[in-house]
Ligand code: GLN
C-alpha cells in the first residue's frame, strides 16, 4: 500500500484524496517513510519537515468537515532550499546561511500552503543555485537515483532526485539558466521554467534577478501543470511580476491528450542547440522524438539562431554581475554566519572573514568575475556587450516564433556524468547549460520531458520545448501529447524503468534501454 502511494502521480493522489480513498496522513507518511529509507543514499533533502504530518492531519480534518479544498489538497511536496520557509531553515545550499530560519514564507510557499499542499522538506542544491551537478552544495552532493555514482543535475538536483526517487510526487525548483530543466533531463523527470514574471520571486533567495524563475518539478506533464496553476499569478511584492490572467495549465495539458493535438503544429528544430559535443545517445533519442512529432502530423522545420553561439558567454557575465550585487547582503550583520577573526578586528575584517569562510569556491569565483565585469574600466567591454548579446538572443527568438509555434532541442547535451568528473573544471560544468540558457536570457518558458534512455549508458535524456513569452500553455499541451506518444511507444513511463532503490518493493527493472 505504502509503496503504491509513492508511485502515484500527484493528479492520481489528488483524486484518491478527494474521494477519501486515502488520507493525506497516509500519503504523507508513505513519503516520509520513503525519505527515511532512501535519502541516506540519495541525499535529496537538507531538512525534513517536523510539521508535515500535522499539516496533513489538519487538511484531512478540514476535508472531513466538508470544506472546499484546493485541487492538490493533501498532496506532499518538496521545496528547493532557495525558497524561504517560515518553519524550516533556508540555506540556499550555503554555509553562510546555515540554520537560518526566515521570518516569512516565499510567496510560492504561501501559495502551496493556501492550496493545502503538504511541505515535506527542503531540497539540496548547488550553493546559491550556481552549478549543474549539486556538487557545489556546502552540504555534500545529491546522488542520481538512476545511478548513485552520478550527478542528478543542478542546481536543483535535490528537487529532481526527490521526485525521481519517489520521495515526493512534486517539488519546486528555480531556474536561472537551466536549474529545473537540466536536472529534469538527467533524472528522467519533468520540469518547467515558466515565463519570466509569471511566478513570484518574492522570498526566492536571489541569484540573478533578471533571469530567476521559480517553477514546477514532477514525474508527469499534467502534474507540473497542476502545480504551475497553484504558484502562478501577480504578486505586488515582486516588482517584475506580470499582471496577466493566466489560463488553466492543467486544462492545457489535458487538451494535449486529444488524438490530433499535434496535427499541423509548426515545430522548429534549433540548429545551434543540437550540434557538436552532444552525446550520441542524446542525438539519437532526439531524432526519434522528431520522427514521433512528424508521424503525429506536426510540421518540422530546421531553424537557425546565430546569436545562441554567444549565449553562454553572455550569461556568464550577466549572471555573475547580478549575483555579485545580490550576494553583497551576506555581510555577517543581517543573516546567518558571523566569523570574528582571531584577536578581533574591524567590521570590515568580520565581514571579510565571514565571507571567506561562508562562501564556497564557485560562489567566490562568480562574485569576483561579476565585480570585475561591472568595474568602471570594463563595464562596456563585458557587461555592456553581454547585454547586447541578450538583445540579439531575444530578437532571434521573436523572429523564429514568427515562423513556428514551438521550438525544440535536447534539454541537456549529455546524460548524467559521474560525480567528481567536472567539479574542478568550471568551464566544462558551464557547458551543461548550452541548451537551456537562451530561454532565460529571453524570458520565455521552457519545459523538459523524458525522451528515452541513451543506448550507450542506459541513462535518461530529456526533450526541451520552448514557447513565446506568456504561451506556457502551449508547452503543456504539446508536452502532454508527446509524453503520451512516447509512453505508448515504450509501453510504460520512463521513470518506471528507473532502477528502484533497494528499499523499494520493486527490484531493478532496467534491462538495457527502453
Ligand atoms: N547551471 C547554471 C549556473 O550554474 C544554472 C543555474 C540556475 O539555473 N540556477 O548558473
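Nothing in this text is a laboratory measurement; each read-out follows from the coordinates by a stated rule. What you see is a predicted model; the values in this text were computed from it and never measured. So basically every Cβ, Gly included, is an ideal-geometry build from the backbone, and we count neighbours across all protein chains shown.
Given Cα pairs under 8 Å that are at least 6 residues apart, what percent is the relative contact order of the chain?
17
Express as a percent, rounded to the nearest 5, the fraction of DSSP beta bridges in the chain (both residues included) that run antiparallel.
65
Please give, to one decimal in nm, the separation of the simple spin-label points placed at residue 309 and residue 421, each 7 Å out from Cα toward the Cβ.
For residue 309 paired with residue 421, the spin-label model returns 2.7 nm.
Please work out how much length the chain gains when fully extended from residue 378 to residue 352, using 0.36 nm per residue of separation minus the C-alpha to C-alpha distance, in nm with one decimal.
6.9 nm
First measure r as the distance between the Cβ atoms of residue 385 and residue 149, then evaluate 1/(1 + (r/R0)^6) with R0 = 51 Å and state the FRET efficiency to the nearest 0.05.
Rounded to the nearest 0.05, the efficiency is 0.80.
Highest mean first, what order results for 77-84, 424-431, 291-298, 305-312 on Cβ atoms within 10 Å?
77-84, 305-312, 291-298, 424-431
Normalised by the residues of region 111-231, what does the relative contact order come to in percent, with Cα pairs under 8 Å and at least six apart?
22
Which value at 222 nm does the chain reach when only helices count, each DSSP H run of 4 or more adding -39,500 (n - 2.57), with the total divided by all residues and rounded to the nearest 500 deg cm²/dmol?
Dividing the helical sum by the residues of the chain leaves -11500 deg cm²/dmol.
At a Förster distance of 60 Å, what's the computed FRET efficiency of residue 295 paired with residue 342, Cβ-Cβ distance as r, to 0.05?
0.30
Note the full-extension length gain between residue 237 and residue 266 as 0.36 nm times their separation in residues minus their Cα-Cα distance, in nm to one decimal.
6.7 nm
Can you tell me, using C-alpha contacts under 8 Å and at least 6 residues apart, the relative contact order of region 236-327 as a whole percent?
Relative contact order comes out at 33 percent.
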